[in-house]
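Please read the structure below before turning to the comments.
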Amino acid sequence: MSENNESTSKYSPIQIPVNIFTLCSMNEPEYSSLLAFFLNTSLFHGFRDLWIRALLNCLKISQDTQTIPTFAMCEYNVGKGKKIDLFVETPNYIIGIENKISAKLGNQFDIYSEKIQEEAQNKKKIPYKIILAPSGYENRNKANLKKLRKDNWQFITYSELFEQVQDLLGEYTTCNPSFLIQMNEFMETIKFIEYFNTDTEKNNSTYSKSYKKHKKELKKHYNKINKRIYNEFKQHDIYSKSAGDDAFYFIAISVHKSETIAAEVYFDLDGWRIALFNYKQQFSETYKRIIDTYIHIFHNVPVYQTQITQHRRNRVPLTAPIPFEDYNKVLEELHRAVDIINKYFPEVNS
């Protein structure tokens with residue numbers, strides 16, 4: 001893997017952020033913990049009530065100029081074995097937040113609603129129920145969100161929340177610089193996730209235009225790496241294909257006669273990728289854990305880059321983007337992928 005995980009491809013319209021959030025295995029629980037930290041006005045980040053004011057602005061709740069004391073905690077127990085991602089309390093409001101980065105909406109919202117309503121009634125406060133998610137999440141969950149809105153759940157995107165935070169930030173000049181950096185990296189990471197939530201398979205107009213503009217040059221890279229792979233992996237069955245009019249050129253190398261698991265080279269506009277591809281089925285959870293362990297220990301690849309790709313559910317990427325001109329690195333990583341198959345998938349040998 002390239003030492004620098006950030007995309008430097010001249011073909012790609014978006015740059016991959018490199019920070020603590022992308023380099024570590026952070027997901028919804030970690031993001032919820034960070035939100036709870038930022039929302040708590042008594043903690044040492046120095047943001048005071050910046051985040052609760054931003055959230056109330058998203059709810060279109062008018063506020064006075066006095067500081068809003070806020071308590072927030074994540075994984076709040078609502079009973080019946082369920083926990084809501086965030087519980088927020090101010091002098092006037094009880095707010096329950098279900099934080100959704102990628103997970104689907106479950107069927108526990110009735111329990112959440114009951115608890116939020118109970119807490120608000122007991123404390124004589126106004127209840128609010130929020131689903132917070134990256135932009136693009138709504139498009140994949142329209143039916144469920146429509147039902148939840150009838151029960152007064154409000155959908156807020158991270159983009160909307162961040163816009164309010166940034167608008168108010170100038171009023172909070174005494175915040176801790178270290179946490180300001182962390183906050184900006186957090187927002188940068190979510191914005192990156194939002195980009196791929198909106199355009200999961202990179203078939204949006206931005207990528208299409210960039211791909212068509214550089215198509216001839218990308219085709220040359222494909223032909224060069226194709227030739228080198230055929231020369232270097234003569235002992236293996238090789239299947240290669242130039243994927244026509246989209247940004248997913250790929251070369252698959254089958255290292256077993258059964259052709260169950262293959263080491264695969266493919267590219268999008270960010271660069272070359274090495275992946276494992278299962279021809280027969282989706283990877284089991286056991287194999288996913290094995291692969292994740294290998295990736296994070298030996299390659300330190302950001303977690304968002306090791307998720308099974310949306311357009312092919314049985315592909316697991318092993319590397320961050322490799323520059324198109326770095327053919328030696330592609331071959332080096334391809335050998336590593338073959339080694340993974342030989343070591344961890346012995347049952348597919350025939």
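Could you grab me the full set of residues in region 123-144 that are surrounded by fewer than 19 Cβ atoms within 10 Å (Cβ to Cβ) and in contact with a strand residue (DSSP E or B) (Cβ under 9 Å, 6 or more places away or on another chain)?
LYS123, LYS125, ILE126, PRO127, SER135, GLY136, GLU138, ASN141
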(request) Take TYR93 and decide whether it is among the hydroxyl-bearing types (Ser, Thr, Tyr) and in contact with a Gly (Cβ under 7 Å, 6 or more places away or on another chain). (result) no
(request) Select, from PHE47, PHE109, PHE37, PHE87, the only residue that is in contact with a His (Cβ under 7 Å, 6 or more places away or on another chain), among the hydrophobic types (A, V, I, L, M, F, W, C) and buried (at least 17 other Cβ atoms within 10 Å of the Cβ). (result) PHE37
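Does LEU56 meet the test of being modelled with pLDDT of 70 or more and either crowded, with 20+ Cβ neighbours inside 10 Å or in a loop (DSSP other than H, G, I, E, B) (or both)?
Details: modelled with pLDDT of 70 or more: yes; either crowded, with 20+ Cβ neighbours inside 10 Å or in a loop (DSSP other than H, G, I, E, B) (or both): yes.
The answer is yes for LEU56.
Looking at region 121-138 only, could you name the residues that are touching a residue at least 24 places away in the same chain (Cβ under 8 Å) and polar (S, T, N, Q)?
SER135
State yes or no: is ILE97 in contact (Cβ under 8 Å) with a residue 40 or more places away in the chain and either surrounded by 16 or more Cβ atoms within 10 Å (Cβ to Cβ) or not β-branched (Val, Ile, Thr) (or both)?
Numbers: in contact (Cβ under 8 Å) with a residue 40 or more places away in the chain: yes; either surrounded by 16 or more Cβ atoms within 10 Å (Cβ to Cβ) or not β-branched (Val, Ile, Thr) (or both): yes.
So ILE97 passes the test.
Hey, can you tell me all the residues within region 100-122 that are closer than 27 Å to PHE186 by Cβ, assigned to a helix (DSSP H, G or I) and in contact with a strand residue (DSSP E or B) (Cβ under 6 Å, 6 or more places away or on another chain)? It would help to see each step written out before you state the result.
Narrowing region 100-122 to residues closer than 27 Å to PHE186 by Cβ: 100-106, 108-109, 112, 116.
Next, only the ones that are assigned to a helix (DSSP H, G or I) stay: 109, 112, 116.
Within region 100-122, TYR112, ILE116 qualify.
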(message) I'm told TYR304 meets every condition in (1) over 30 Å from ILE190 (Cα atoms); (2) in a helix (DSSP H, G or I); (3) at pLDDT below 85 except one. Can you identify the failing condition by its number?
(response) (1)
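The values are calculated or read from the model by the stated rules, or taken from the named source; none is laboratory data. Here the structure is a predicted model, which means the values were calculated and not measured. Methodologically, a virtual Cβ is constructed for each residue, glycine included, from the backbone with ideal geometry; neighbour enumeration extends over all protein chains shown.
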